[in-house]
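What follows is a set of notes on a single structure, which appears directly below.
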Amino acid sequence: MCGHNIQVSDILDVTELKKNNRVRFDDGWSKVKVRVLIKHWKIICVAEMALMFRALILYLLLFINGNVAAGDDDIVIAVNQNISENHISRSFARQIFSMKARQWPDGSQLVVFVLPDRSAHHLIFTKEILETFPYRLRSAWDRQVYSGTGQAPREVANIDQMMVNIANTPGAIGYLPREKIDGIRIRLVEVR
C-alpha cells in the first residue's frame with residue numbers, strides 16, 4: 001500500500017465506478033475530484049515503487065553479491081613485488097586511482113588495475129580506502145579519456161585476474177582482499 005490519504009474503500013469504489021461508467025456520488029465528490037485523486041495516487045505509488053526498487057538494487061549489490069564471501073570485505077591496496085613503497089598517503093592513492101599520477105615516487109611507470117564499477121569489491125575499495133564514490137572515479141576517467149589528457153585504468157573481470165595482472169606487471173597497483181596477498185609476488189601497501 002502506498003503512503004497516501006486515500007482509503008482502500010475509496011479506491012475500490014472509484015475503480016468500480018470507472019469499470020461500470022456509472023457516476024453515483026452520495027458524499028458530494030465530483031467526477032473531476034475522483035480523476036485527480038486517482039491520478040495523484042498513481043503518481044505517488046510509482047514514485048514510491050521506484051525508490052523501493054533502487055533500495056533493493058543497492059541492497060543486492062552490497063550484501064548479496066556472490067563475489068564477496070564472508071570476511072572477503074577487508075580490501076587492501078596490492079602492488080607488484082618490484083615496488084619499494086611500503087605505505088602511501090590517501091591523497092596519493094586517490095591520485096593513482098583517478099589516473100592523475102603516472103609514476104611511482106622513484107620514477108617507475110604506474111600501471112593501474114581496477115574491477116568493474118558494479119563489483120562489490122570495487123565499491124568497498126572506493127568507499128573505504130579512497131573515501132570517494134565509484135561514479136566520481138568513472139567521471140574522472142571519462143573526462144581524461146574524452147579530453148585526450150589521459151587514459152582509464154585497465155579493467156579486469158575478477159579478483160583472480162587482478163592477482164595475475166598485478167603479479168606479472170612491473171609497476172602494477174590494484175586492490176585485493178587481504179587474504180589473497182601472498183607477500184612474494186604481490187605485496188601489501190598501507191594507506192596512511
Could you check, for the stretch 166-173, whether at least one of its residues is over 16 Å from the mean Cα position of the chain (by Cα), at pLDDT 90 or above and surrounded by fewer than 15 Cβ atoms within 10 Å (Cβ to Cβ)? yes
For the stretch 138-155, name all the residues that are of a type in the set (A, V, I, L, M, F, W, C) and touching a Phe, Trp or Tyr at 6+ places or on another chain (Cβ under 6 Å). 152
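Let's see how each residue does on (1) surrounded by 11 or more Cβ atoms within 10 Å (Cβ to Cβ); (2) in contact with a strand residue (DSSP E or B) (Cβ under 6 Å, 6 or more places away or on another chain); (3) modelled with pLDDT of 90 or more:
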residue	(1), (2), (3)
69	no, no, no
80	yes, yes, yes
95	yes, no, yes
99	yes, no, yes
Tell me, yes or no, whether the stretch 131-148 has at least one residue that is over 21 Å from the mean Cα position of the chain (by Cα) and surrounded by 17 or more Cβ atoms within 10 Å (Cβ to Cβ). no
Out of everything in the stretch 96-118 that is small (Gly, Ala, Ser) and out of contact with any Phe, Trp or Tyr (no Cβ under 9 Å at 6 or more places or on another chain), what residue ends up being nearest to residue 175 (Cα to Cα)? 108
Hey, residue 132 among the β-branched types (Val, Ile, Thr), in the same structural domain as residue 186 (by TED's automatic domain parsing) and under 20 Å from residue 186 (Cα atoms) or not: no
Contacts under 9 angstrom Cβ, first residue in the stretch 104-124 being outside the structural domain of residue 154 (by TED's automatic domain parsing), partner among the acidic types (Asp, Glu) and in a helix (DSSP H, G or I), 6 or more apart: none
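The values are calculated or read from the model by the stated rules, or taken from the named source; none is laboratory data. Everything numeric in this text was worked out from a predicted model, so none of it was measured. For neighbour counting, all protein chains shown are included, and Cβ atoms are generated from backbone atoms with ideal geometry for every residue, glycine included.
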